[in-house]
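A.B. asks: Structure provided below as structure tokens; questions to follow.
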Amino acid sequence: MIFSCLTLGCKTNQTETDSLAETLMSHGHEYSPYGGAVNAVIINTCSVTSVSDKKSRAAISRARRDNPGAVIAVHGCMAQAMTEKPPNVDVLGGTGDRSGFIEALERVTATRGARLIIKNGVPGSSRSTVGAVIGRTLQYINSQRFADAQSAPLQKQKTRAFLKVQDGCSNSCSYCIIPSLRGESRSVPLADVVQNAKRFADSGAKEIVLTGIEISAYDGGIAHLAATLAEEFQSIRFRLGSLDSSCVTSEFARILSARKNICPHFHLAVQSGCGKTLAAMNRQTEKAAQAVKLLRSAFDCTLGCDIIVGFPGESEADFLESLDFIENHKFTFTHIFPYSDRPGTAAASMPNKLTNAEKRARARRASELSDRLFAESAAKQIFLDVLFETEKDGESIGHAENYFEVCVKAENLRNEIRRVKILGIRGKTLIGEL
Ligand code: SF4
């Protein structure tokens, strides 16, 4: 089989696509970048917002249109939520049972014409099981051990590798559908994490990003895990994916600030700067301010955050409180998400919904603030150590330890860490010279 992959959503999805592709290649199949002639297209979907659903459906239609004769195999969060198999899909999986999904894909590709659904690990032919397969057992998914070690080949090309260390979530934020799609939080055993980090180190990666659905829930503490890896692989820099503020304690700050190869950039899932809105989101309040204080005292770091605007019941005053929070804590990388209903969540049935126009207006105001804070932080950058990742039109582009994207007029720097003198800014990219 010659296959290509399309991935939507988070870095965790990306690591799962790479892992799946590696397994297929270890079975003798051939990977082809999207656009080449293939027998199968594998689409890893996202369902975090209604926009993600729309994009996932669009990706499926595009893949079918671009590859009329190929097997279209769909998995991931949106697939997990599906109760009906779309007619333009040949193999439908979910967020678990990767080996069952691969087995079905290989069988359908081999016997082109049959259609299969894999939901609870029991493959069956489309003619007999389409109706029967709807519905699946989370216990089955939860019992799945993280069998698939992290992939290396596709990630081999990468200078920055994403290392999945955790899956699922045991929180219950009122707007979020993910726990029902990915199950309870579970951690990749330390031995597997270290083994996978070694695979990336051996394959030349200079930076490893620890990722998952809710890495703050890592058994034993994400700080301990990161410190163990930083100690084990001292020539590699480690970056933490999105964090829940509750895991940022004085011990977190003490352990990680003692390691020079922990990137001084932290992204917090803040969601709102208003206590009333956080309570309605069923999220802990007051944690983020404490986390910012601890991180700023232990690191010369940049901070990022996710903010949802237009949550049901969010008044103008509540919104302004969120803006004040972003402003007061000088976040450099603020990601703004207009609230969107997710059927099946508590928030979806909440009163006092804002109109799309009101949500768009708040998102615009928050983005203007985010852009200004980014520019103010960027203007303070003088010298940065940049890991170069790509090259285009005679320019090399990469990320600094503090996550700024930096561009220099030079070539053949891929996978090198070089000190750069910052000269200016172009959009969201800093311009510098070696
Ligand atoms: S922490 Fe909240 S927002 Fe994040 S995945 Fe879990 S339930 Fe969803």
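Derivation of every value follows stated rules applied to the coordinates shown; laboratory data play no part. Computed from a predicted structure; not experimentally measured. Ideal geometry is used to build each Cβ from the backbone, glycine not excepted, and the neighbour counts take in all protein chains shown.
A.B. asks: Mind checking the full-extension length gain between ALA289 and TYR34? Use 0.36 nm per residue of separation minus the Cα-Cα distance, one decimal, nm.
C.D. replies: Extra length available between ALA289 and TYR34 comes to 87.5 nm.
A.B. asks: Please check: in the Gaussian network model of the chain (C-alpha springs, under 10 Å), which one of SER235, SER203, SER47 has the largest mean-square fluctuation.
C.D. replies: SER235
A.B. asks: Please find, in a Gaussian network model of the chain (springs between Cα atoms separated by less than 10 Å), the residue of ALA258, ALA357, ALA288 whose mean-square fluctuation is greatest.
C.D. replies: ALA357
A.B. asks: Which semi-axes, in whole Å and largest first, does the equivalent ellipsoid of the chain have when worked out from the alpha carbon gyration tensor as the square roots of 5 times its eigenvalues?
C.D. replies: Details: eigenvalues 243, 155, 90 Å².
After scaling each eigenvalue by five and taking roots: 35, 28, 21 Å.
A.B. asks: Something else: Of the beta bridges DSSP finds with both residues in the chain, what % are antiparallel, to the nearest 5?
C.D. replies: 35
A.B. asks: On to the next question. Over region 258-409, one equal point on each Cα, no solvent: what is log10 I(q)/I(0) by the Debye formula at q = 0.14, 0.17 Å⁻¹?
C.D. replies: -0.76, -0.99
A.B. asks: Give me the tail of P(r) for region 199-298 as a percent: Cα-Cα pairs with distance above 21 Å. Could you put the intermediate results ahead of the total?
C.D. replies: On the way: 1742 of 4950 pairs.
When every Cα pair of region 199-298 is considered, 35 percent fall beyond 21 Å.
A.B. asks: While we're looking at this one, here's another question. Counting helices only, and only those DSSP H runs with n ≥ 4, report the 222 nm mean residue ellipticity of the chain as the sum of -39,500 (n - 2.57) divided by its residues, in deg cm²/dmol to the nearest 500.
C.D. replies: Details: 15 runs with 156 residues, N = 434.
Mean residue ellipticity at 222 nm (helix-derived): -10500 deg cm²/dmol.
A.B. asks: What does the convex hull of the Cα atoms come to per residue for region 1-93, in Å³? Display every interim value, and only then the final one.
C.D. replies: Details: hull volume 7.9 nm³, N = 93.
Residue-normalised Cα hull volume stands at 85 Å³.
A.B. asks: Related question: How charged is the neighbourhood of LYS392? Take every other residue with its Cβ under 15 Å from the Cβ of LYS392, and add Lys/Arg as +1 and Asp/Glu as -1.
C.D. replies: Details: positive: LYS409, ARG414, ARG426; negative: GLU389, GLU391, ASP393, GLU395, GLU405, GLU411.
Counting the neighbours of LYS392, the net charge comes to -3.
A.B. asks: At 7 Å along Cα-to-Cβ for each site, give me the label-to-label distance between GLU391 and SER349 in nm.
C.D. replies: Distance between the two pseudo-spin positions: 5.9 nm.
A.B. asks: Could you tell me which residue out of CYS5, THR17, THR109 lies farthest along the dipole of the chain toward its positive end? Charges go on the beta carbon: Lys and Arg +1, Asp and Glu -1, centred on the Cα centre.
C.D. replies: The listed residue farthest towards the positive side: THR109.
A.B. asks: Taking the Cα centre of region 230-306 as origin, sum charge times position over the Cβ atoms of Lys and Arg (+1) and Asp and Glu (-1), and report the length of that vector in debye to the nearest 20. It would help to have the intermediate numbers written out before the result.
C.D. replies: Numbers: 10 positive and 7 negative charges, 30 e Å.
The calculation lands at about 140 debye.
A.B. asks: Return the subset of LYS359/LYS380; LYS392/LYS428; LYS206/LYS428; LYS11/LYS276; LYS330/LYS421 for which the Cα-Cα distance in this structure is over 20 Å, preserving the input order.
C.D. replies: Numbers: LYS359/LYS380 32 Å; LYS392/LYS428 16 Å; LYS206/LYS428 23 Å; LYS11/LYS276 30 Å; LYS330/LYS421 23 Å.
Pairs exceeding 20 Å: LYS359/LYS380; LYS206/LYS428; LYS11/LYS276; LYS330/LYS421.
A.B. asks: Give, rounded to the nearest 20 debye, the magnitude of the charge dipole that the chain has about its Cα centre when Lys and Arg contribute +1 at Cβ and Asp and Glu contribute -1 at Cβ. Kindly include the intermediate steps, with their values, before the conclusion.
C.D. replies: Details: 53 positive and 47 negative charges, 125 e Å.
With only Lys, Arg, Asp and Glu charged at Cβ, the dipole is about 600 debye.
A.B. asks: Ok, one more. Full extension from ARG372 to ASN88: what is 0.36 nm times the residue separation minus their Cα-Cα distance, to one decimal in nm?
C.D. replies: 97.8 nm
A.B. asks: Still on this structure, please answer the following. Would you work out which of SER367, TYR31, GLY69 lies farthest towards the positive end of the dipole of the chain, given +1 charges on the beta-carbon of Lys and Arg and -1 on that of Asp and Glu, about the Cα centre?
C.D. replies: Toward the positive end, the furthest listed residue is GLY69.
A.B. asks: Something else now. In the chain, what cysteines have no partner Cβ closer than 4.7 Å?
C.D. replies: Singleton cysteines: CYS5, CYS10, CYS46, CYS77, CYS169, CYS247, CYS263, CYS274, CYS301, CYS305, CYS407.
A.B. asks: A further question on this structure: Over all alpha-carbon pairs of region 14-53, lay out the pair-distance distribution in 10 Å bins, whole %, shortest bin first.
C.D. replies: Calculated over all Cα pairs of region 14-53, the distribution is 24, 47, 24, 5 percent.
A.B. asks: Relative contact order (percent) for the chain, with alpha-carbon contacts under 8 angstrom and 6 or more residues of separation? Numbers along the way, then the final one.
C.D. replies: Working: 878 pairs, mean separation 42.3, N = 434.
Computed value for the chain: 10 percent relative contact order.
A.B. asks: Using every pair of alpha-carbon atoms in region 333-434, split the distances into 10 Å bins beginning at 0 and state the percent of pairs per bin, rounded to integers.
C.D. replies: 14, 33, 20, 17, 13, 2
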